[in-house]
Each structure stands twice: as structure tokens, then as C-alpha cells.
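Below is one structure, written out as C-alpha cells; comments come after it.
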Amino acid sequence: MCGIVGFVDKKIADKKPVIEAMMDTIKHRGPNSSGELVNEDTALGFRRLSIIDINSAMQPIYNEDKSKAVIFNGEIYNYQGIREELINKGHTFTTETDTEVLLHGFEEWGMEELLKKMEVCQMVLKDSFYPLEISSCGRSFLLFY
């Protein structure tokens, strides 16, 4: 089931207790693990119900230089084929999960092309160089802050 929470607010100096309280309210959606991404303006939290790559797919998942991170709730039925395509293009994966396909797919193709390749529900992608992007069931939203 999983769940995603988050906010963008530069005025809240100590975001960690706020995002943790938000994550606690959805603990029933993901009892297996949790993770958060907190920086100067953004706080994202995730509660996970483990299904794929149960032991090593903690979220958020970061790219190699940690400039991008992904939190995802859903399932990508065709992720294995897309994963192979991305490996052939030189991407390095650290998990076996469908979530990491989103991160490397975003790096390779951008949000619009990535969404054409798969059905995505509830994805939050944080890129340190660009605004926050959120996708819900094939529609992409860009948050400027």
C-alpha cells in the first residue's frame, strides 16, 4: 500500500520532526520501513509496504551523485525491460526494485518521455538542480518554490 507525505517550506528550520510526525500518521500504509529526504526547503517522507526487493529497496533512492532522489508508490509492470534498456545505456542500479527504474529513466529521458513508457501513480522526484516534480497516474505536475 505505501504512502508519501511532504512539504516545501523554507521558513520551517527543523523539518525533521514535522515530516516524522506526518509519516507517523500514515504508518498503517507502510509498516515495513520508512525514509525521508530533508533539505533547506523540502521535506519528503515515505512509509513502505515491502513487495519487490524487500531487503534493499529503502526509499528515497538516490542517483550516483545524490543530486536526484525518488520516492514512489505503485507498481511498474514493465520495469524489468526498461531496466535492461537503461543498463545498456550505462546506468548503474543498486537495487532490483521498480522504483529505481523511475530515477534512472528520469535522468535518461526526462519526465515527459518517462511517463510515456509506463503507468505511474504517486511519484515524487527531487532534483537538486530543478523544481520538485510530482506525477499522479500519468499526469505530471511541477512545483516551483
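The values are calculated or read from the model by the stated rules, or taken from the named source; none is laboratory data. Values in this document were obtained by computation on a predicted structure and should not be read as measured data. Positions of Cβ are generated from backbone atoms using ideal geometry, with glycine treated the same way; all protein chains shown enter the neighbour counts.
Taking (1) modelled with pLDDT under 90; (2) surrounded by 12 or more Cβ atoms within 10 Å (Cβ to Cβ); (3) not charged (D, E, K, R) in turn, Ile87 satisfies each apart from (1). If you take the residues of the stretch 114-138 that are of a type in the set (D, E, K, R) and farther than 20 Å from Ser67 by Cα, which of them is modelled with the highest pLDDT? Among those that are of a type in the set (D, E, K, R) and farther than 20 Å from Ser67 by Cα, it is Lys117. Counting residues in the stretch 22-34 that are under 26 Å from Lys117 (Cβ atoms) and either touching a residue at least 24 places away in the same chain (Cβ under 8 Å) or of a type outside the set (Val, Ile, Thr) (or both) gives one or more.
Residue pairs whose Cβ atoms lie under 7 Å apart, separated by 6 or more positions or on different chains, with the first residue in the stretch 63-75 and touching a residue at least 12 places away in the same chain (Cβ under 8 Å) and the second part of a strand (DSSP E or B) and acidic (Asp, Glu), are Ser67/Asp127; Lys68/Asp127. Considering only the stretch 66-84, how many residues are crowded, with 20+ Cβ neighbours inside 10 Å and hydroxyl-bearing (Ser, Thr, Tyr)? The qualifying residues number 1.
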